[in-house]
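Q: The structure follows.
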Amino acid sequence: MPALSANHPAKNRLIVHQSVDRRSIKRPGKLCENDPMSINFRQATFLTSVPRADQAPPDEGAEVAFAGRSNAGKSSALNTITEQRGLARTSKTPGRTQQINFFDLGGNQRLVDLPGFGYARVPQAMKEQWQRNLTRYLHIRHSLRGLILLMDCRHPLTDYDQEILVWCADVGLAVHILLTKSDKLKRGPAANKLLAVRRQLPGFHPHASVQLFSALNRTGVNEARRVLDDWLCCGA
Ligand code: GDP
């Protein structure tokens, strides 16, 4: 499986749906029938940080990973969803920013904070190393149920975002997008942005879903939790 390329915008690529290796693409939004919110996200605790995907905790149970460009609001979203102010600070600890951070939800369920990608100021070789690490993790984890992809709602679907979406479609991994910092836009423009992204999505991933999210005013927190709950509890 090729690593995500740092240079080629996904929009210039054909989406080739290879034989999906171990997952079939799931459609987010299908809720558990009996228990609409069975995971207590507040009980999340830091489990471990690893520099490489092959050093991750045992590949058992279910996990959902969070990815996004640096500064997209990933840490804030993780903290808001788990109602723990300091949880994702772990991921900002020097030395851990380029690591894969695992948070335990109990019951063999985990949230995973992937290294922020697309830092403007890091050398190209380091960017490529991160991307190799990211794609390796996404590729080898059997317990991975889906990817939460965070994008600043004012700058969605960057080349990197597009490339990740195409890559996830190729390997059959479900993606749910949080358009973060929605409080920065007025209601009308935010709704238009959501609609525009939703319209463009099928060009990159056939079943990706998208919502508005704000860690500041808590827009979309329950909607995001329902997707997580669905994937972690009901996913294949
Ligand atoms: P990360 O690098 O993706 O983990 O991003 P952070 O969570 O650290 O957020 C980057 C910056 O965006 C910080 O200054 C946050 O305070 C700010 N931020 C994050 N989420 C929100 C939000 O929902 N609304 C607003 N207005 N700012 C946010």
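Q: Quick check: with the 1.4 Å probe, what order do Met151, Met126 take by accessible area, largest first?
A: Correct descending sequence by accessible area is Met126, Met151.
Q: Still on this structure: By how many nm would the segment from Asp54 to Leu195 grow when fully extended, if each residue of separation counts as 0.36 nm and the alpha-carbon distance is taken off?
A: On the way: separation 141, 0.36 × 141 = 50.76 nm, distance 3.82 nm.
Between Asp54 and Leu195, full extension yields 46.9 nm more.
Q: Moving on. Based on the Cβ-Cβ distance of Thr45 and Arg154, what FRET efficiency does E = 1/(1 + (r/R0)^6) give at R0 = 25 Å, to the nearest 0.05?
A: Values: r = 33 Å, r/R0 = 1.31.
The formula returns an efficiency of 0.15 here.
Q: Roughly what would the spin-label model give for Ala125 and Lys186, points 7 Å off Cα along C-beta, in nm?
A: So the label points at Ala125 and Lys186 sit 5.0 nm apart.
Q: Show me 38-47, 130-139, 107-116 ranked by packing, highest mean number of other Cβ atoms within 10 Å first.
A: Values: 38-47: 16.3, 130-139: 19.2, 107-116: 21.4.
Output ranking for 38-47, 130-139, 107-116: 107-116, 130-139, 38-47.
Q: Further, regarding this structure: Given the peptides 172-185, 196-209, arrange them by the average over their residues of other C-beta atoms within 10 Å, most packed first. Spell out each step's value before the answer.
A: Details: 172-185: 23.6, 196-209: 16.6.
Output ranking for 172-185, 196-209: 172-185, 196-209.
The values are calculated or read from the model by the stated rules, or taken from the named source; none is laboratory data. On a predicted model such as this, the values are computed, not experimentally measured, just so you know. Note that we place each Cβ from the backbone using ideal geometry, even for glycine, and neighbour counts take in every protein chain shown. Note: accessible area is taken over every heavy atom of the protein model, side chains too, but ligands, DNA and RNA are not part of it. Shrake-Rupley method; radii C 1.70, N 1.55, O 1.52, S 1.80 Å.
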